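What follows is one structure encoded as structure tokens, with my remarks underneath.
The values are calculated or read from the model by the stated rules, or taken from the named source; none is laboratory data. Worth saying up front: this structure is predicted, and the values here are computed from it rather than measured. In this analysis, Cβ positions are derived from the backbone assuming ideal geometry, glycine residues included, and neighbour counts consider all displayed protein chains.
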């Protein structure tokens with residue numbers, strides 16, 4: 001009897017491990033690329049050749065896990081890098097109290113009060129929770145101190161209008177659940193990045209009450225509510241990116257090897273708006289002499305509210321061209337595509353440099 | 001085929017001198033500067049320089065495109081301004097397209113679509 005139950009426990013543990021693996025694999029497929037996983041394996045001296053995801057997992061990753069050359073913790077690190085950078089709108093804040101906030105005893109006490117202190121040892125693998133859920137809390141050493149990261153998984157409802165198959169005059173709203181991942185990251189210098197997963201589908205319905213609010217404001221409220229005991233809202237001030245938006249354009253000739261613009265929007269002191277955009281998405285607005293002159297004249301008494309900037313591929317970073325959308329709230333920028341941690345940090349560093 | 005042949009091609013569209021040569025100059029300039037012009041813009045330029053009607057201009061343009069001296073593309077533009085996708089024909093334009101300039105998927109409406117001639 002005991003043997004059976006012991007055998008049963010082993011089988012249960014193995015099934016749970018298998019389920020975890022499959023879940024991590026599915027998330028990697030959604031958030032990463034074959035090339036990135038291959039690079040991860042290569043860095044560990046593991047075989048990596050594969051032409052498709054299924055082959056990569058079954059012929060390369062699974063054998064490495066089974067032989068102990070790779071652990072689930074390694075895969076979790078890869079998953080963290082894959083889903084925590086890019087496809088986000090990032091909001092920047094600054095605090096003077098970074099050291100106090102990041103204090104490990106404080107974090108442990110707060111998480112214990114909520115019954116989730118185990119997250120400090122190991123993240124939860126959560127797919128589509130009913131409510132926004134904290135799934136990962138960790139600190140790691142970085143320059144001049146440590147960085148504190150919290151990850152939240154939320155189920156969003158993707159809305160689509162569909163024609164009723166039986167009556168062409170009737171349309172219905174179909175809501176499909178999708179998994180959204182948000183990240184809060186506080187560095188030793190007191191800069192907090194709140195990365196909210198992009199809402200790429202246009203919202204079909206209005207909020208209750210008839211107001212159409214800015215979706216990312218709603219997301220921020222949810223995150224401040226959920227994580228506000230760890231990151232107290234009152235201790236953080238927004239970091240507007242107005243200076244970066246202005247300087248990137250004004251210094252565009254010096255920065256022509258670093259960036260290009262596909263559009264920008266400026267607003268002057270009497271409320272007039274100038275919007276200038278390239279016809280071709282791959283073109284550079286600053287190469288259009290008459291458009292550039294026109295912007296420079298208008299911008300003398302205006303601020304840049306919005307721009308689409310592309311950080312060019314350079315050696316060593318960024319490893320490819322990275323698109324940054326600077327729009328929405330003053331402290332907001334977006335990296336709409338998935339990118340590596342190194343590329344994201346490179347671009348963030350450049351933005352902060354031009355914003356100083 | 002060189003751009004000197006513009007006069008020949010336009011002449012084949014039943015546009016005679018002096019409009020033929022004036023229109024050829026407009027096209028030659030567009031090609032030299034790699035211009036990308038919508039049809040209304042071309043109509044404006046043509047009518048400023050010549051007495052050519054919009055209908056005859058369309059015939060001349062079709063001939064120029066056929067001979068490879070310009071490319072006719074269907075451009076989807078973002079509601080916020082600027083192109084977000086170029087297609088060979090209207091049939092190739094999808095119902096929905098990712099608008100990189102807004103980080104949003106949008107439905108393509110007729111108002112978002114322009115015909116562009118790239119010289």
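Some points to look at:
- Only one of the numbered conditions (1) closer than 25 Å to residue A:181 by Cβ; (2) surrounded by fewer than 16 Cβ atoms within 10 Å (Cβ to Cβ); (3) touching a residue at least 12 places away in the same chain (Cβ under 8 Å) is violated by residue A:47, and that is (1).
- Residue that is within 14 Å of another protein chain (Cβ to nearest Cβ) and either within 18 Å of the chain's Cα centre (by Cα) or touching a residue at least 40 places away in the same chain (Cβ under 8 Å) (or both), where the choices are A:193, A:162, A:201, A:143: A:201
- Per the listing A:290, A:319, A:340, the residue uniquely more than 14 Å from chain B (Cβ to nearest Cβ) and either farther than 28 Å from residue A:238 by Cα or out of contact with any strand residue (DSSP E or B) (no Cβ under 9 Å at 6 or more places or on another chain) (or both) is A:319.
- Residue that is farthest from residue A:318 (Cα to Cα) [pool: residues in region A:268-278 that are within 14 Å of chain B (Cβ to nearest Cβ) and surrounded by fewer than 19 Cβ atoms within 10 Å (Cβ to Cβ)]: A:273
- Test result for residue A:247, within 14 Å of chain B (Cβ to nearest Cβ), in contact (Cβ under 8 Å) with a residue 24 or more places away in the chain and touching a helix residue (DSSP H, G or I) at 6+ places or on another chain (Cβ under 9 Å): no
- Number of positions in region A:205-224 that are touching a helix residue (DSSP H, G or I) at 6+ places or on another chain (Cβ under 9 Å) and at pLDDT 95 or above: 1
- Test: residue in region B:23-37 that is more than 15 Å from the chain's Cα centre (by Cα) and at positive phi: no
- Looking only at residues of region A:52-102 that are within 14 Å of chain B (Cβ to nearest Cβ) and closer than 17 Å to residue A:29 by Cβ, we find that the one that is surrounded by the most Cβ atoms within 10 Å (Cβ to Cβ) is A:86.
- Within region A:268-302, the set of residues being over 30 Å from residue B:118 (Cα atoms) and within 27 Å of the chain's Cα centre (by Cα) is empty.
- Restricting region B:38-84 to residues that are within 14 Å of chain A (Cβ to nearest Cβ) and at positive phi, the residue that is surrounded by the fewest Cβ atoms within 10 Å (Cβ to Cβ) is B:81.
- Condition check for residue A:120: touching a residue at least 24 places away in the same chain (Cβ under 8 Å) and farther than 30 Å from residue A:242 by Cβ: no
- Test: residue in region A:61-71 that is closer than 30 Å to residue A:333 by Cβ, touching a helix residue (DSSP H, G or I) at 6+ places or on another chain (Cβ under 8 Å) and part of a helix (DSSP H, G or I): no
- When region A:250-267 is filtered for residues that are surrounded by fewer than 16 Cβ atoms within 10 Å (Cβ to Cβ) and either facing chain B (nearest Cβ under 9 Å) or within 12 Å of residue A:296 (Cα to Cα) (or both), the ones remaining, listed by number, are A:250, A:251.
Per-residue answers, yes or no, for (1) outside any loop (DSSP other than H, G, I, E, B); (2) modelled with pLDDT of 95 or more:
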{"site": "A:127", "(1), (2)": "no, no"}
{"site": "A:136", "(1), (2)": "yes, yes"}
{"site": "A:152", "(1), (2)": "yes, yes"}
{"site": "A:157", "(1), (2)": "yes, no"}
{"site": "A:160", "(1), (2)": "yes, no"}
{"site": "A:171", "(1), (2)": "yes, no"}
{"site": "A:179", "(1), (2)": "yes, no"}
{"site": "A:184", "(1), (2)": "yes, yes"}
{"site": "A:192", "(1), (2)": "yes, yes"}
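- Taken as a whole, the structure leaves residue A:296 outside the set of residues that are within 14 Å of chain B (Cβ to nearest Cβ) and surrounded by fewer than 19 Cβ atoms within 10 Å (Cβ to Cβ).
- Residue in region B:85-107 that is more than 26 Å from residue B:17 (Cβ to Cβ), facing chain A (nearest Cβ under 9 Å) and under 17 Å from the mean Cα position of the chain (by Cα) present: yes
- When region B:101-117 is limited to residues that are surrounded by 17 or more Cβ atoms within 10 Å (Cβ to Cβ) and out of contact with any strand residue (DSSP E or B) (no Cβ under 6 Å at 6 or more places or on another chain), the one that is nearest to residue A:201 (Cα to Cα) turns out to be B:104.
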